[in-house]
Amino acid sequence: MLVLLLVALLTLLAPLYAGYLGVDPFRSNLRGKVEIAGEVVQVMQQSTEGLGLGVTPIGPTWNPGGYMLGADNQGRDVAARLLYGGRNSLFIASAATVICLVLATLIGLAAGFLGGVVDMALSRILDVLWAFPVYLLAISLSIVLLTSTIDLGLFTITAGSLALPVFIIGIIYVPYVARPVRARVLTLRHSEFVLAAVGLGLPTHRILRRDILPNLMPTIIVFVPILLALAIVTESALSYLSIGVQPPDASWGTIIQDGQTLLYSRPAVALAPGIAIVITVLALNVLGDAVRDALDPRGQVR
Amino acid sequence: MTNWTRYAALTGAAALLSATAVTAGAETREEMMAAHRGGEIRLVAAAAGGTIDPQINYTLQYWQLFYFTYDGLVTFKRVEGAGAGGVVPDLAEAMPEVSADGLTYTFKLRQGLKFSDGSDVGVDDVVASFQRVFKVSGPTAGTFYNGIVGAEACIAAPADCTLDGGISADAASNTVTITLTAPDPEFLYKIAVPHASVLPAETLQEDAGVTPIPTTGPYMFESYNPNESLVMVRNPHFKEWSVDAQPDGFADSIVFDFGLSAEAQVTAVQNGQADWMFDQPPTDRLAEIGTQNADQVHVNTLTAFWYVPFNVNLAPFDDVRVRQAVNYAIDRDALVGIFGGPVLAQPVCTILPPAFPGHEDHCAYTQNPGTDWTAPDMDKALALVAESGTAGQKVTIVVDDTSVMRDVGTYLQSVLTDLGYDASVNSISGNIQFTYIQNTNNKVQMSVSQWYQDYPAASNFLNVLLGCASFHPGSDSSVNISGYCNEEIDARMQAAMQLATTDPDAANLEWAKIDQAMMAEAPIAPLFTPKHVDLVSKRLGNFLFSPQHQWLMSQAWVQ
């Protein structure tokens, strides 16, 4: 939990760090210079040995005063981009988790409580969605939607905006949550207190709101850290394949992609966001376990 | 042609750094043959290049092989440097007799030539091969060979293609006559490329895929598995008839292995497990091979350019001042850095690449306009944008997802932001980007693309990329990506092409003027001319780089 708070706090402080460095992490800086130990050097260093092939960005200075983790292919400060990228990664993951949970809860409630034809139809739709491997579905959706503007009536998602990965990741995990939610609703639907409420002639919306939803919360809350972790990894994968966050915006996935072409000479560019993802996802998984233990009565007995 | 699927026949000017290149100076060809004949050349690439049908494949990867396996009536001279732009007789005994009106070409076939299966090469094979270009719907049938009489009917109904009136054979005199609908100064170039290879008449009228077709050159294909390797061995029926057109090869066999990433290819060549890598070394490894393997690296200029097509029919680029402003604002040196530094690329402001017919050093969009680009002129650029009143508009740059292309796009986004636009970059799969940016329905405002010559003629850049005839709204095949059509300049280009039939030098002077006239309207922003890096093994000798064929594989030796 502490680790997560720390990561979130650091990413929130991104503008402060960039402001302190006086750099714009979204602008190319191919001709930039930086002062290291009193010496002014080019950020993009032209090879002067041998045939003089290749231009390599400056490596990690390990100095918080600038280019702590080196520069990427555009001469931008990787440390600053890592923080901004973390913001995007965390924002996309959180927003996608909220969308996924809301949709899954609605679908699970409708299917589980109403039963019959509604359950049949919703369950089959979920089955179809589930039949696609997650990444295949995400990649297909991204490629189709990436260059077009989506009009959802209430709001529109323009091509290249952050809302697009949010929307895609939010959708693809719905079946994974809606199914257990539906199963839980089915159990609750036939529990004594709900039968009693029905017997008392209480209106459906009241039963859903007062009897079922509160009892559903543990199931849903357990999903939060798991989904967050999944969403972070999915977002990184999509961005790595350049079908998630679009340049010059950063996310941990895009920074890994930037770093891939520098793996031999500047491994820090790809390693730093990789480590950030590992730490965050690991922390989320540990948190997820803890939450499950806390909320699952049977788990405690065991 | 574009480098989109790496298809290209390329032209370079001079081998800059051919450290190990040994050209015939002291030794005669016979002495070299005696000393170095034999052995196996091992090539590596990330992936196979598709079909090995020379009339269908349009990739640089296999054109390089077709040049020493197949022959046409004429071919580009196999020499190092700019001389390779010249056309020499190949299966034909001599250059054709051309009628006074420029419409009829008569070729006399050499006697005693054989295919690698032992059958004779006859005039009927030549006729059948030209018909086959249409019957298999070759990729250039409608662009290179549509000027032959009867071609229109063949394009409409490929299966029944006869080219009636367009091509005829006379077995008695061993001649083939080709008739055109209009004089075409570039016709000999068009039949010198592998798509006009002569194949046995009985070759199936469909894509040969992985099945080798008998060859006429010094090597033939023995086996092909696109997931593993392509094996070429000596053609037992080959007898050298012209060193200029089709010299005998040194190695006994050439094996092309597939499936290694570019990173792994570099390591394989460094360790001597392979003699040459097809893919360009990753930018990350350039500094390393430039120092540790300097004597194994050959850098050659390509006649190609990277450029930014502006959509002249969409805001804000429908205003010439905006297009000029971006041209002024681009720091071409910074882009050269992205490509690997000044040794690997050269900033350009003209459409025709340096050392290409019709090229004249000229740069309007730089500080101190003159012959060369020196530095961006932000003041002028900002003034032009202010004048146009377009600042603040949304601009999307569409690039493909290769790392260099994305870096170029990201840099351009910064430039547009500096000019006051609300710019973003959209990187889409390399498999679709080239067709996506061509289609006007996609409303692409600005993109990044590349163009490599098919053959050395100015029209191959100016007329193909910016001529009215290349603009097809709503089509994926509209290579005039800018949608630029200036009828006055178009008429001048038609005149220049006709002038080339009688006075090529005067025509090239006119092409240089057309280039400048186009750049005054700035439908595109030329960025830089790339150079090609060949990394070869320590044991490989006699590396020759020709403008048209790139590395002349058959002329290298490994022992």
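For chain B, the calculated P(r), taken from all Cα-Cα distances in 10 Å bins from zero up to the bin holding the longest distance, is 4, 17, 28, 26, 18, 6, 1, 0 percent.
In region A:79-293 the Cα-Cα distances spread across 5 Å bins starting at 0 as 1, 7, 13, 16, 16, 14, 11, 8, 5, 4, 2, 1, 0, 0, 0 percent of all pairs.
A straight line joining the Cα centroids of region B:60-108 and region A:1-54 runs 54 Å.
When only Cα pairs under 8 Å and 6 or more residues apart are kept, what is the percent relative contact order across region B:225-317? Relative CO of region B:225-317 lands at 20 percent. Each residue in B:362, B:195, B:472, A:205 was given a count of other beta-carbon atoms within 10 angstrom of its own, and listing them fewest first yields A:205, B:472, B:362, B:195. The charge dipole of chain A, taken about its Cα centre with unit charges on the Cβ atoms of Lys, Arg (+1), Asp and Glu (-1) only, comes to about 740 debye. Ranking of A:1, B:497 by neighbouring Cβ atoms within 10 Å, starting from the fewest: A:1, B:497. In the protein assembly as shown, taking the dipole from charged Cβ atoms about the Cα centre, the farthest positive-side position among A:44, A:218, B:369 is held by A:218.
Summing charges over neighbours of residue B:266, with a neighbour being any other residue whose Cβ is under 11 Å away from its Cβ, gives -3 when K and R count +1 and D and E count -1.
Under a straight-distance cross-link criterion of Cα-Cα below 14 Å, which aspartates and glutamates are reachable from residue B:443, leaving out those fewer than 8 residues away in the same chain? Residue B:443 reaches B:318, B:476. Which values of log₁₀ I(q)/I(0), to two decimal places, follow from the Debye formula for region A:1-114 at q = 0.12, 0.17 Å⁻¹ with a uniform point scatterer at every Cα? Here the Debye-derived log intensity ratios amount to -0.57, -0.86.
The Cα-based radius of gyration and maximum Cα-Cα distance (Dmax) for the protein assembly as shown are 31.4, 109 Å. Pairwise Cα separations in region B:174-226 fall into 5 Å bins from 0 onward with the following percentages, short to long: 4, 12, 20, 21, 17, 12, 8, 4, 1. Take every pair of alpha-carbon atoms less than 8 Å apart whose residues are at least six positions apart; their mean separation over the length of region A:79-293 yields a relative contact order of 28 percent. Across q = 0.15, 0.24, 0.31 Å⁻¹, region A:251-293 modelled as identical point scatterers on its alpha-carbon atoms has Debye log10 I(q)/I(0) values of -0.44, -0.72, -0.94, in the order of the q list. Strictly over 20 Å apart at the Cα level, which of B:77/B:538; B:190/B:531; B:108/B:190; B:77/B:239 would you flag in this model? With Cα atoms farther than 20 Å apart: B:77/B:538; B:190/B:531. Helix B:403-418 sits at what angle to the longest principal axis of chain B, using alpha carbons and giving 0 to 90 degrees rounded to 10? Result, in degrees: 20.
Averaging the sequence gap over all C-alpha pairs within less than 8 Å and six or more residues apart, then dividing by the number of residues, gives chain B a relative contact order of 23 percent.
Near residue B:255: Cβ cut-off under 14 Å, other residues only, Lys/Arg at +1 and Asp/Glu at -1. The net charge is -4.
For region B:156-233, chymotrypsin sites (Phe, Trp or Tyr not before Pro) meeting the loop criterion (DSSP other than H, G, I, E, B) and having at most 12 other Cβ atoms within 10 Å: none.
Against the main long axis of the alpha-carbon atoms of chain B, helix B:123-135 sits at an angle near 40°.
Residue exposure proxy: B:76, B:278, ordered by other Cβ atoms within 10 angstrom of their Cβ from fewest to most, comes out as B:278, B:76. Along its three principal directions, the equivalent ellipsoid of region B:371-435 from the Cα gyration tensor extends over semi-axes of 25, 16, 9 Å, largest first.
Packing around the peptides A:214-225, B:309-320, A:78-89, taken as the average count of other Cβ atoms within 10 Å per residue, puts them in this order, highest first: A:78-89, B:309-320, A:214-225.
Summed over qualifying helices (DSSP H, 4 residues or more, each -39500 (n - 2.57)) and divided by its residue number, chain A shows a 222 nm mean residue ellipticity of -20000 deg cm²/dmol.
The long axis of helix A:213-240 is offset from the longest Cα principal axis of chain A by roughly 30 degrees.
Bear in mind these aren't lab numbers, they're just calculated from the coordinates by the rules spelled out. These numbers were taken from a predicted model, which means no experiment stands behind them. With ideal geometry, Cβ positions are generated from the backbone for all residues, glycine too; neighbour counts draw on all protein chains shown.
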